[in-house]
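Colleague: Before I ask anything, here is the structure I am working with.
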Amino acid sequence: MLSPLQLQSIFDDGINATIANIASGQEGLILSQLCANEKSDKGIVHICANTQELVSIEESLSFFAPWLEIVHLPAWDCLPYDRVSPSTQVIASRIEALNRIASVEKGDQSILVLTTANALLQRLVPSDVLVGQQFSMVPGNRVNMNKLVERLVGEGFDRTSTVRERGEFAIRGGILDLFVPGEEEPIRLDFFGDTLESIRSFDAVSQLTTGQLNSFSLQPMSEISLDDEAIKRFRKSYIEQFGAATRDDALYQAISEGRRFAGMEHWLPLFYEKLDTLFDYTDGYQFTYAHDVLEAVKSREEQIKDHYESRQQAIETKIDGGTPYKPVAPQLVYLSALETEQRLAVLSGVALSPYDQPPTSTTQVLDAKGKAGRSFALERTAGQNVFDAVAGHIKEVTASGRKILIAAWSEGSKDRFSQVLIEHGSADLINIETFEAFNGSKSKLPHIAVLPLEEGFETPEFVVIAEQDVLGDRLVRRTSKRKRDKDFIAEASSLSEGDIVVHVDHGIAKFIGLRTIEAAGAPHDCLELRYSGDDKLFLPVENIELLSRYGNADSEVQLDKLGGVAWQSRKAKLKKRLLEMADQLIKIAAERALKTATKLVAPDGLYGEFAARFLMMKQKTRHGQLNLSLMIYQLARRWIGLSAVMLALVKQKLRFVRPLLL
């Protein structure tokens, strides 16, 4: 590995430098060493050629440098001069990252900013404007809610009935829910008049409160704030650029009326006097970049020019039958490749290269001495047992005096990998969590850790064997996290006026709002529910668990009549049909249990080797058998499409058959 003295000298000399012979997978290690030894005021900015490279480095840094704060600045996830805006998630990530970059002061703990060539080329909102848009609140502050709502709308937030995603806000009386950039969970602001009484975080799925907050900072949800000054500046700049607006110019009309327009971010320069660049935001940072970044920058510049010329041609030939699209000149929205190259040269950046490179009079070169690790593709294609080959390779490396680290994709694959290697003659593997633990270990035994690398690598001190080196291309797909059941309502504040709800005893109704009624000489907070025929039911808020959500005001559904038999009749029919299904499934299970077949036993070790190639989530049930009662419940939800409350009753009725099903 490179010594601290070598790493520090890169930044001390004030000339361009290259770290050569960096193997694939070694980039995270090199960056962690640079961050540990850099002497900048604020941190390091590393520019990747593409997003895939960035994600790979970011994942590996969780092992190589878990102590390091990483700020991810993505590029817009839309084409240049597109008719759509960047996604809400990307905008939120960009706002959060730019605010964090601008907020680091000299003497603070350094951070690592990861970005791409595409993001580097984009001109940005002026840093003083972005910082000035932040607004902090603490309980006890007096805040005019109407003005706060106007600010939220102007800064890109969407008003919804229930807050689920970043960039949304909802109002229910004196409660304002919003999900802002920089926060892991949405925030619930509870007002009494104009006084902010409490700030709570809550779960976006269940809408349940998860904690109390002492303060929070409101960041904009868009790179364009539609205040009066910005609108005035846009109108003036637009006319200067393109002449008088026509009647069919939807962009000009929407902005003039203070309405947001899809894709308006592509006219960003018209909203500000001057735009900044990432170089302006990162004054005091040190720069590193992938060896092929400048090639990626030139490729992006060509793509930008192609899209701009296509838009210009569409105007001249009038082949675009939609809303007129008048593109802003590329140099106003993006940096050129030449500007980018010149700025990097002035900053004395450090290039990370996989190739060997001799030093020159203008470039200092350090040798990382990394090389690609061994691939076991030959053993796989020849039909040999690949795990025997891996165990033999481990013994050879250990005998040479170098340490060995096996990089697994997940905790599950790490456990399977360890078991299979031990079965094939490898020594016991030592589980570790971080590179610091691996580097400090004196043991000669092989080590294993969760480190998602595409390829392993070797250095003079140690060897890394990646799971993919052994098993080939991975056969799994990343799965999204499953959301918890959100049908049951936990708080009255999670309902909006007009929502369709289901009462466990009285059926489908419309939620009108919260009402305070007097009962037994005392006031009680109740939910007003309206049924067919304008019948009303007042449900005490403490009994809200009797309700579940059915849909919103746009749902085409027939309301039940309060006290009618239709709801009870539907429940009875559903119970009958489900019991018939349960009876049929029990018969099938009994017939299956009575049948016999020849038992096939896999040879020792082969099944483990097969399973090691898969990363699967196991769904356990009693005795490892299929939970048929759960199947009935799920089929009922798909088939009948009714509420969770009604299905909860079905689950109760299924209890008597559960012992038989399992």
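Colleague: Evaluate segment 138-149: report whether one residue or more is open to solvent by 60 Å² or more (accessible area, probe 1.4 Å), free of Cβ contacts under 8 Å to residues at least 12 places away in the same chain and over 28 Å from the mean Cα position of the chain (by Cα).
Modeller: Yes, segment 138-149 contains a residue that is open to solvent by 60 Å² or more (accessible area, probe 1.4 Å), free of Cβ contacts under 8 Å to residues at least 12 places away in the same chain and over 28 Å from the mean Cα position of the chain (by Cα).
Colleague: Here's a follow-up. I'd like to check something: does segment 138-157 contain any residue that is in contact with a Pro (Cβ under 6 Å, 6 or more places away or on another chain) and among the acidic types (Asp, Glu)?
Modeller: Yes, the conditions are met somewhere in segment 138-157.
Colleague: Can you spot a residue in segment 352-375 that is on the phi > 0 side of the Ramachandran plot, modelled with pLDDT under 90 and either of a type in the set (Phe, Trp, Tyr) or loosely packed, with under 12 Cβ neighbours inside 10 Å (or both)?
Modeller: no
Colleague: Among the residues of segment 239-254, how many are under 40 Å from the mean Cα position of the chain (by Cα) and not in a helix (DSSP H, G or I)?
Modeller: 3
Colleague: Moving on. If Gly167 meets every condition in (1) buried (at least 17 other Cβ atoms within 10 Å of the Cβ); (2) at negative phi apart from one, which number is that one?
Modeller: Going through the list (1) buried (at least 17 other Cβ atoms within 10 Å of the Cβ); (2) at negative phi, Gly167 breaks only (2).
Colleague: Quick test of your reading of the structure: Tyr334 fulfils all but one of (1) more than 26 Å from Ser32 (Cα to Cα); (2) modelled with pLDDT under 85. Name the failing condition by number.
Modeller: (2)
Colleague: A further question follows. Quick one: which of Ile304, Ile319, Ile315 is touching a strand residue (DSSP E or B) at 6+ places or on another chain (Cβ under 9 Å) and either at pLDDT below 90 or part of a helix (DSSP H, G or I) (or both)? Outline the logic, then answer.
Modeller: Details: Ile319 fails: touching a strand residue (DSSP E or B) at 6+ places or on another chain (Cβ under 9 Å); Ile315 fails: touching a strand residue (DSSP E or B) at 6+ places or on another chain (Cβ under 9 Å).
Exactly one residue qualifies, and that residue is Ile304.
Colleague: Take the residues in segment 244-266 that are surrounded by fewer than 13 Cβ atoms within 10 Å (Cβ to Cβ) and acidic (Asp, Glu), then tell me which one is farthest from Ile231 (Cα to Cα).
Modeller: Here the residue is Asp248.
Colleague: Checking Leu114 against (1) of a type outside the set (Phe, Trp, Tyr); (2) open to solvent by 40 Å² or more (accessible area, probe 1.4 Å); (3) outside any helix (DSSP H, G or I); (4) over 21 Å from Phe191 (Cα atoms), only one condition comes out false. Which one?
Modeller: It fails just one condition, (2).
Colleague: Only one of (1) over 30 Å from Glu273 (Cβ atoms); (2) assigned to a strand (DSSP E or B); (3) in contact with a Ser or Thr (Cβ under 8 Å, 6 or more places away or on another chain); (4) not hydrophobic (A, V, I, L, M, F, W, C) is not met by Ser198, so which one is it?
Modeller: (3)
Colleague: Let me ask another. Please verify whether segment 308-319 includes one or more residues that are touching a Ser or Thr at 6+ places or on another chain (Cβ under 9 Å) and of a type outside the set (Lys, Arg).
Modeller: Checking segment 308-319: not a single residue is touching a Ser or Thr at 6+ places or on another chain (Cβ under 9 Å) and of a type outside the set (Lys, Arg).
Colleague: For segment 421-472, name all the residues that are aromatic (Phe, Trp, Tyr) and open to solvent by less than 10 Å² (accessible area, probe 1.4 Å).
Modeller: Phe438, Phe457, Phe462
Colleague: Are there any pairs with C-beta distances below 6 angstrom linking a residue in segment 345-364 that is more than 15 Å from Asn21 (Cβ to Cβ) to a residue that is among the aliphatic types (A, V, I, L, M) and surrounded by fewer than 16 Cβ atoms within 10 Å (Cβ to Cβ), with the two at least 6 apart or on different chains, and if so which?
Modeller: Within 6 Å, the pairs are Ser348/Ile15.
Colleague: Something else: Just to confirm my filter: which helices (runs of 4 or more DSSP H) fall fully inside segment 1-94 and include at least 1 residues that are modelled with pLDDT under 90?
Modeller: 4-12, 27-37
Colleague: Here are some residues: Leu270, Leu294. Which one is hydrophobic (A, V, I, L, M, F, W, C) and closer than 26 Å to Val129 by Cβ?
Modeller: Leu270
Colleague: Tell me yes or no: at least one residue of segment 411-420 is surrounded by fewer than 17 Cβ atoms within 10 Å (Cβ to Cβ) and in contact with an Asp or Glu (Cβ under 9 Å, 6 or more places away or on another chain).
Modeller: Looking for residues that are surrounded by fewer than 17 Cβ atoms within 10 Å (Cβ to Cβ) and in contact with an Asp or Glu (Cβ under 9 Å, 6 or more places away or on another chain), one finds none in segment 411-420, hence no.
Colleague: Looking only at segment 100-110, count how many residues are open to solvent by less than 10 Å² (accessible area, probe 1.4 Å) and at pLDDT below 90.
Modeller: 1
Colleague: Tell me, yes or no, whether segment 590-607 has at least one residue that is under 30 Å from Phe417 (Cβ atoms), modelled with pLDDT of 60 or more, open to solvent by less than 60 Å² (accessible area, probe 1.4 Å) and touching a helix residue (DSSP H, G or I) at 6+ places or on another chain (Cβ under 6 Å).
Modeller: Yes; the residues of segment 590-607 include at least one that is under 30 Å from Phe417 (Cβ atoms), modelled with pLDDT of 60 or more, open to solvent by less than 60 Å² (accessible area, probe 1.4 Å) and touching a helix residue (DSSP H, G or I) at 6+ places or on another chain (Cβ under 6 Å).
Colleague: Quick test of your reading of the structure: Thr160 fulfils all but one of (1) without any contact (Cβ under 8 Å) to a residue 12 or more places away in the chain; (2) more than 22 Å from the chain's Cα centre (by Cα). Name the failing condition by number.
Modeller: (2) is the only condition that Thr160 fails.
The values are calculated or read from the model by the stated rules, or taken from the named source; none is laboratory data. Keep in mind the model is a prediction, meaning the values are calculated, not measured. Neighbour counts run over all protein chains shown; Cβ positions are idealised from the backbone, glycine included. Areas reflect the complete protein model, heavy atoms only, side chains present, ligands, DNA and RNA absent. Shrake-Rupley method; radii C 1.70, N 1.55, O 1.52, S 1.80 Å.
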